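See below for the structure under consideration.
The values are calculated or read from the model by the stated rules, or taken from the named source; none is laboratory data. Since the model is a prediction, treat every value here as computed from it, not as a measurement. Cβ coordinates were reconstructed from backbone atoms using ideal geometry, including for glycine residues, and neighbour counts include every protein chain displayed.
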Amino acid sequence: MTALTLAKAESLAVAALAEGRRLGLAPLTIVVLDAGGHVVTAKREDGAGILRYEIAYGKAWGALGMGFGTRELAQRAATSPAFVAAISAASGGRIVPSPGGVLVRANGATIGAVGISGDTGPQDEACALAGIAAAGFDAATGVPEASA
């Protein structure tokens, strides 16, 4: 199985942040977790809000914990708020149901997750997808038509 090494996680994060600059987004924070939920790398752009790390971590951790990206989790929150409230309680509030948490896959296996916070959820997710692709991995947002 391919591992999400520090070097690959760093290249993913740098590419995701570069996409944010290319798009002219608000300052971003990115957290990259391995398959066990451990932080491999985290980066916070100058000017990013002080809560952005926790939100980015919650997006990545929620994607790993649920086995699908947070775009799908956000959709489920809209239709089944009791379900999302229950998993929020079960996780100690660590899950953030907003787009921007994306699974990192290699050879069909989940090897980690990326969470980004700073702009709108869809823009955060676009940066995550760009970073994952630049690092040579596949992405899973949870919504088939949005996965790359």
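See the values below:
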| item | result |
| --- | --- |
| Qualifying residue in segment 133-140 (condition: at pLDDT below 95 and either over 19 Å from residue 10 (Cβ atoms) or assigned to a helix (DSSP H, G or I) (or both)) | yes |
| Where residue 106 falls short, out of the listed (1) modelled with pLDDT of 95 or more; (2) in contact with a helix residue (DSSP H, G or I) (Cβ under 7 Å, 6 or more places away or on another chain) | (2) |
| From 67, 36, 49, residue being surrounded by fewer than 19 Cβ atoms within 10 Å (Cβ to Cβ) and either hydroxyl-bearing (Ser, Thr, Tyr) or over 20 Å from residue 122 (Cα atoms) (or both) | 36 |
| Candidates 144, 97, 122, 81 - the one that is within 12 Å of the chain's Cα centre (by Cα) and modelled with pLDDT under 95 | 97 |
| Selection count, segment 1-13, where residues are under 13 Å from residue 40 (Cβ atoms) and touching a residue at least 40 places away in the same chain (Cβ under 8 Å) | 7 |
| Checklist (1) out of contact with any Asp or Glu (no Cβ under 8 Å at 6 or more places or on another chain); (2) under 18 Å from residue 13 (Cβ atoms); (3) in contact (Cβ under 8 Å) with a residue 40 or more places away in the chain applied to residue 46, failing item | (3) |
| Counted residues, segment 114-128 - those being under 15 Å from residue 33 (Cα atoms) and not in a strand (DSSP E or B) | 1 |
| Subset of segment 5-35 (residues that are under 15 Å from the mean Cα position of the chain (by Cα) and either over 19 Å from residue 112 (Cβ atoms) or modelled with pLDDT under 95 (or both)) | 20 |
| Options 78, 35: the member that is among the small types (Gly, Ala, Ser) and free of Cβ contacts under 8 Å to residues at least 24 places away in the same chain | 78 |
